[in-house]
Amino acid sequence: MSKKIKTTQKKSKAKPNKKVKSTNILSNEYIWIIISIVFPFLLYISTTGYKYTLDDDLVAAKNKYVQEGIGGIDDLLTSSYHYAFTNKPDRHYRPMAMIPFAIENINGPSTPEKHHFFNVFWYAICCGLIYIFLRMLLPSFPHWFALGAALLFAAHPVHTEVVANIKSRDEINVLLGLLVSLISIIQYDKTRKILYLVLSLIAYFLACLSKENGLQIIALIPLTLYFIHYKKEEIIDWKYILTTSAFFLIPVAMFFGLRAMYTGDGGQDLYIIDNILLDEKLSFGEYWATVIYMLGDYLRLLIYPINLSYDYSSYHIPIANWGTWQVWASIITWAGILFAAYKSFQHQKVVFYGVAIFLFMFALVSNVFILTGFTMTERGLFSPSLGFSIICAYLAYHYLYNINKNYFFAAVGLVVLLYSARTFTRLPVWENNEALHASGIISAPNSARTNSFYGNQLYQKAINISDVNEKNKLLNEAMIYFDKSIEINPYFGDSFHRKGQTLEQLGRISEAKQIYLKALEFLPDYVLSLNSLGVIAANSNNQQEASEWFYKAVQSDPYNLIALTNLAISYKNLGRQDDALNTYLKAHELKPSHEGVLLAIVEIYKAKGDIETAIFYDKKVKDLRGESY
């Protein structure tokens, strides 16, 4: 009887299981991948109508090689990061930060809407890849775990800067390279097919070409291989892990070779306005107390991302000391994290893996090991927050799902909902510069940069108003913010320059001149003030003094086109035709498409009687205009 009952139960059990598997749509893995992609896309869809903000000009709007579309890719591959915008070489080599924008221009000129769309698109793809990555890494875990981690990452408000700011596509590219590289190395480990190893190497290389923090991905390769074999309870083959990981030194060597070839390595100019740790008045204790304070603030942004700002420069983050309570709170919290990582290495490898991803990807932006070009930045948490999302999803799974899966759904769902709400309310400040700069004086009132930027926003609005009273009202209001910016950081030359411009608009020329001279006391080579002093002298018909200021401006920045053309004009006004011609020719080298420079060259050659050369340059003018000669 018992045997018969057992047989009957076995048959009745097998049949419904097979039927449920074939008809239940929730068992289809692709549904969860689609949800992981569609959710962030819909969350950020509003940004596809946003305009250019902050330094989007650098990589898209005013990048001459990007504007050439596909034709500009060769130049992007063989020049430094800023060169296409400034005509001045720099130490950064990030061609993949701009090549996608050039490709997007294949069907027409660059528009912010186009680039914003692809920011959202690739961010959504990253979220889908997070799901795939975790399913491959932890196949024994239910898909809810991977989905939870993907949605937590997708909704996190700290990502708004990266997704809504076109320039931050480089961060998306790095994460994309990280995920494709790790997915491919997992597949290589499973199949030992060389194709997957090559794909992993290519993805890693492209991440490095997007931004230098992509280099850190190399640390995750041996970690991931170790984790895979540990989960399988296999004997760890360290020779295989280290040999496989060694292949990733090839893209590293290629990156540094290309970087040296096309940019050199003359160092990076860092300023207090960008990073308060450069303040020479800081004592050793204040320096490290401030670093630790910032480390704690980064954790606050991860866990409680409410007070967000587009700027964290001087002195939004205050100078700390060992009596600052936040410093000790940071020390205790970070000590707890490191202790938890150590303990989890023994018992909860998933937590250890998540902490390791966070630490490895965070290391170079933390200001602990090297000084960066910023005090703090939300985009610095973009890739590291992958580790944070994995940890949160795992803890919810471990402590809630195994008790009652509904607890897991409720906890993760609530956090995703709250994060999404904050993301939704944060996004509008990125719609345009006016909204962004207005938000800055609220979110970071003690930042020299936010005050200066908002003052400049008022200035730009004022100069386009015809009503004199309304114009002067805005100009005087702008002065308040420039003065506050200068008070916060007297080394921020832009604020002096903008205040001087404002005084000129108000007709207070002598005061403007004094402000420009004051700026030079702090920054002797500040090209904008040098140039402005030259303009004031030229307008006073003092051409000799003007030429001296313009000459100093060019000496300070030989790649400054405005200073060069102003110097050429002053030489011409002084009757120094040969000097004027040589200066115009230098300006032409910097920007061959500058019609005004070409016309000036033609005029001088004609005056010198060199008609043949004048015709040569006049032909270039007509080519620019699309006219036949």
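Quick notes on this one:
- Taking 0.36 nm per residue of sequence separation and removing the Cα-Cα distance, the residue 194/residue 418 pair yields an extension gain of 76.3 nm.
- Pairwise FRET efficiency - residue 258 versus residue 522, Cβ, R0 = 25 Å, nearest 0.05: 0.10
- Environment charge at residue 495 (Cβ cut-off 13 Å; Lys +1, Arg +1, Asp -1, Glu -1): +2
- As computed over segment 419-567, the Cα convex hull volume per residue (Å³): 134
- Considering only alpha-carbon pairs that sit under 8 angstrom and 6 or more positions apart, the relative contact order computed for segment 335-397 is 37 percent.
- Rounded Å value of the spacing that divides the Cα centres of segment 369-397 and segment 244-264: 25
- Over segment 309-371, all Cα pairs binned in 10 Å intervals from 0 give whole-percent P(r) values of 18, 37, 33, 12, 0, listed from short to long.
- Taking the longest Cα principal axis of the chain as reference, the axis of helix 284-303 is set at about 60 degrees.
- Longest site-free stretch - the chain; sites: GluC sites (Glu not before Pro), DSSP loop, at most 13 other Cβ within 10 Å: 281-626
- With at most 13 neighbouring Cβ atoms within 10 Å, loop trypsin sites (Lys or Arg not before Pro) (DSSP) excluded, longest segment of the chain: 282-629
- Working from label points 7 Å from Cα in the Cα-to-Cβ sense, the residue 333 to residue 250 distance is 4.2 nm.
- For segment 166-272, the relative contact order works out to 25 percent when only alpha carbon pairs closer than 8 Å and six or more residues apart are counted.
- Accessible carbon and sulfur surface of segment 538-629 relative to its total accessible area, %, 1.4 Å: 48
- Förster radius 22 Å - calculated FRET efficiency between residue 368 and residue 342 (Cβ-Cβ, nearest 0.05): 0.75
- Relative contact order of the chain, taken over Cα pairs closer than 8 Å and 6 or more residues apart, is 11 percent.
- Between the beta carbons of residue 235 and residue 403, assuming R0 = 35 Å, the FRET efficiency works out to 0.55 to the nearest 0.05.
- Note, ³J(HN,Hα) from phi for segment 472-483, Karplus 6.51, -1.76, 1.60, rounded to Hz, x at Gly and Pro: 5, 4, 5, 5, 5, 5, 4, 4, 4, 6, 5, 5
- The calculated 222 nm mean residue ellipticity attributable to helices in the chain amounts to -22000 deg cm²/dmol, summing -39500 (n - 2.57) over DSSP H runs of n ≥ 4 and dividing by all residues.
- Taking the C-alpha atoms only, the angle from helix 143-155 to the longest principal axis of the chain is near 20 degrees.
- Within-12-Å neighbourhood charge of residue 376 [Cβ basis; K, R +1; D, E -1]: -3
- Within the shell defined by Cβ-Cβ distances under 13 Å, the residues around residue 596 carry a net charge of +2, with Lys and Arg each +1 and Asp and Glu each -1.
- Temperature 20 °C, viscosity 1.002 mPa s: under these conditions the Stokes-Einstein estimate for segment 197-321, based on its Kirkwood radius over C-alpha pairs, is 117 µm² per second.
- Per residue, segment 110-198 exposes 25 Å² of solvent-accessible protein surface, assessed with a 1.4 angstrom probe and all protein chains in place.
- Simple spin-label estimate for residue 106 and residue 62 in nanometres, 7 Å along Cα-Cβ: 2.9
- Rounded to 10°, Cα long-axis angle of helix 611-625 versus longest principal axis of the chain: 40
- The slack in the chain from residue 446 to residue 87, taken as 0.36 nm per residue of separation less the alpha-carbon distance, amounts to 125.9 nm.
- Here the label points at residue 613 and residue 577, each 7 Å from Cα along the C-beta direction, are separated by 1.1 nm in the simple model.
- Across all Cα pairs in segment 393-507, the calculated P(r) in 5 Å bins from zero up to the longest distance comes to 2, 12, 16, 14, 11, 8, 6, 6, 6, 6, 5, 4, 3, 1, 0 percent per bin.
- Two-decimal ratio, the chain, of alpha-carbon radius of gyration to 2.2 N^0.38 Å: 1.14
The values are calculated or read from the model by the stated rules, or taken from the named source; none is laboratory data. Predicted, not measured: the structure shown is a model, and the values here were computed from it. Don't worry about glycine lacking a Cβ; one is built from the backbone with ideal geometry, like all the others, and counts go over all protein chains shown. When the accessible area is computed, the model is the full protein with side chains, heavy atoms only, and any ligands, DNA or RNA have been set aside. Shrake-Rupley method; radii C 1.70, N 1.55, O 1.52, S 1.80 Å.
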